[in-house]
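Q: Sharing a structure with you now.
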Amino acid sequence: MRTTTLLTAGALWLTGPACTLAQTIDPSSTNGESPFVRLIRPDRPGQTITTNMLYPGQFQLETGLTSYDAGGSLGYPGRSAWGSTLRAGFFNHIELRATQQYLLAPAARPVLGSDGALAPYTGPAGFAPLNVGAKFLASTVQNARSQVVVLLDMTLRNGDASFADKQFEPGGRVLVSQQLGQRFGLEGNFGFRQRGFRAEGTKQGQYLTTLALNGPLGAGTHVGFFAETYATWQRQLGWQPGFTSGLYYRPLPGLRLDVTAGHGLTPAAGGLNIGAGLSVRVGK
């Protein structure tokens, strides 16, 4: 309970100044033509979800393949997963979203059973439970230089039958961003996810905090970088920090390709993950 109180107080401390800063922006001023806003900003890669919100009528698809080392603490250790997110702009500064992972079956490499015979792999594979959610603008001006957004989401109990012990998993995050110049952005997340709706589900819940920097590698270039540090906390596992970095190529304002790599910063959070993906935005 004491830990929950401290983390909640931290979230309020983070949100308060950011909301105040965001509300000092003159509503009559426009930041919409700055490259940081005009060019595509996907929620992938990494753990950080951006404050970017699509306008009504805009759609964005973000998809990519990530391979996780067996010693990692994120995703599906020892497996590869194809993840896709579909985002849609809605009215009243709301963005709707759906995310689903497809867990690839491991290579045909049977293991020895208890009787010495070859036994096929029987772990989870196929579509993981679907996650649905929405972003809500908490600051006064969409796409301002300083912005605060609230994300609420829910992991459902569908997906392939091989995924055992399915539970509804409600979650939420406070997303904060500060534009640096016209092209760079500093973004942070503070969030929590729990299993089920009962009080004991909070004991298995996970806190997440992230800080990410992204921007172009040079003036007028279509190539940029992404770098983040993150930390997760669970009562059973404690703190597990890590980092993710990568490069992206943006041939068009609404098209971006990326390659990334990440690793834990402690032995308990260790494990390499590498990935590549594509993000496409359509609509005005």
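The values are calculated or read from the model by the stated rules, or taken from the named source; none is laboratory data. This structure is a prediction, so every number in the text was calculated from the model and none was measured. Glycine also receives a Cβ, built like all others from the backbone with ideal geometry; neighbour counts cover every protein chain displayed.
Q: Right, Lys166: surrounded by 14 or more Cβ atoms within 10 Å (Cβ to Cβ) and not in a strand (DSSP E or B) or not? Let's see the steps before the verdict.
A: Numbers: surrounded by 14 or more Cβ atoms within 10 Å (Cβ to Cβ): yes; not in a strand (DSSP E or B): yes.
Yes, satisfied.
Q: List, please: which pairs have Cβ atoms under 6 Å, are six or more places apart or on different chains, and start with a residue in the stretch 195-220 that is within 12 Å of Gly171 (Cβ to Cβ) and at pLDDT 85 or above and end with one that is of a type in the set (Gly, Ala, Ser) and surrounded by 15 or more Cβ atoms within 10 Å (Cβ to Cβ)?
A: Matching pairs, first to second residue: Arg195/Gly201; Leu208/Gly191.
Q: Determine, yes or no, whether Ser80 is closer than 25 Å to Trp239 by Cα and without any contact (Cβ under 8 Å) to a residue 40 or more places away in the chain. Give the steps one after another, and end with the answer.
A: On the way: closer than 25 Å to Trp239 by Cα: yes; without any contact (Cβ under 8 Å) to a residue 40 or more places away in the chain: yes.
It is true that Ser80 is closer than 25 Å to Trp239 by Cα and without any contact (Cβ under 8 Å) to a residue 40 or more places away in the chain.
Q: Of all residues being among the aliphatic types (A, V, I, L, M) and buried (at least 18 other Cβ atoms within 10 Å of the Cβ) in the stretch 127-149, which is nearest to the chain's Cα centre (by Cα)? Just the residue, please. If you could, list the steps in order and put the result at the bottom.
A: In the first step, residues of the stretch 127-149 are kept if they are among the aliphatic types (A, V, I, L, M); the result is 128, 130, 132, 134, 137-138, 141, 144, 148-149.
Filter once more, so that each one left must be buried (at least 18 other Cβ atoms within 10 Å of the Cβ): 128, 137-138, 141, 144, 148-149.
On the way: Ala128: 16, Leu137: 17, Ala138: 19, Val141: 23, Ala144: 21, Val148: 16, Val149: 14 Å.
Per the stated criteria, the residue is Val149.
Q: Just checking, does the stretch 252-271 include any residue being among the acidic types (Asp, Glu), farther than 15 Å from Leu39 by Cα and under 16 Å from the mean Cα position of the chain (by Cα)?
A: Restricting attention to the stretch 252-271, the residues satisfying the condition of being among the acidic types (Asp, Glu) are 258.
Next, only the ones that are farther than 15 Å from Leu39 by Cα stay: none.
Among the residues of the stretch 252-271, not one is among the acidic types (Asp, Glu), farther than 15 Å from Leu39 by Cα and under 16 Å from the mean Cα position of the chain (by Cα), which makes the answer no.
Q: Separate question: Please determine, by comparing only the residues of the stretch 226-251 that are among the aromatic types (Phe, Trp, Tyr) and under 19 Å from Thr66 (Cβ atoms), which one is farthest from the chain's Cα centre (by Cα). Quick ask: steps written out before the conclusion?
A: Taking the stretch 226-251 as the starting set, the residues that turn out to be among the aromatic types (Phe, Trp, Tyr) are 226, 230, 233, 239, 243, 248-249.
Now drop any that are not under 19 Å from Thr66 (Cβ atoms), which leaves 226, 230, 243, 248-249.
Numbers: Phe226: 13, Tyr230: 11, Phe243: 13, Tyr248: 16, Tyr249: 19 Å.
Here the residue is Tyr249.
Q: Looking only at the stretch 233-240, decide whether some residue is of a type outside the set (D, E, K, R), on the phi > 0 side of the Ramachandran plot and part of a strand (DSSP E or B).
A: Our first condition is that a residue be of a type outside the set (D, E, K, R); within the stretch 233-240, this holds for 233-234, 236-240.
In the following step, the residues that additionally are on the phi > 0 side of the Ramachandran plot were identified as 238.
Now restrict to residues that are part of a strand (DSSP E or B): 238.
Yes: the stretch 233-240 contains one or more residues that are of a type outside the set (D, E, K, R), on the phi > 0 side of the Ramachandran plot and part of a strand (DSSP E or B).
Q: Also, quick follow-up: How many residues are surrounded by fewer than 19 Cβ atoms within 10 Å (Cβ to Cβ) and closer than 28 Å to Pro124 by Cβ if we restrict to the stretch 52-68? Spell out the reasoning first.
A: First pass over the stretch 52-68, keeping only residues surrounded by fewer than 19 Cβ atoms within 10 Å (Cβ to Cβ): 55-59, 61, 63, 65, 67.
From what's left, closer than 28 Å to Pro124 by Cβ: 61, 63, 65, 67.
So the count comes out to 4.
Q: Sticking with this one: If Leu255 meets every condition in (1) within 16 Å of Gly72 (Cβ to Cβ); (2) in contact (Cβ under 8 Å) with a residue 40 or more places away in the chain apart from one, which number is that one?
A: Only one criterion is unmet by Leu255, namely (1).
Q: Output the residues belonging to the stretch 232-248 that are of a type in the set (Gly, Ala, Ser) and touching a helix residue (DSSP H, G or I) at 6+ places or on another chain (Cβ under 6 Å).
A: Gly242
Q: What pairs can you find where one residue is in the stretch 57-77 and without any contact (Cβ under 8 Å) to a residue 60 or more places away in the chain, the other is crowded, with 16+ Cβ neighbours inside 10 Å and hydrophobic (A, V, I, L, M, F, W, C), and their Cβ atoms are less than 6 Å apart, with a gap of 6+ or different chains?
A: Correct list of pairs: Tyr76/Leu103.
Q: Please determine, by comparing only the residues of the stretch 22-40 that are over 24 Å from the mean Cα position of the chain (by Cα) and modelled with pLDDT of 50 or more, which one is surrounded by the most Cβ atoms within 10 Å (Cβ to Cβ).
A: Asn31
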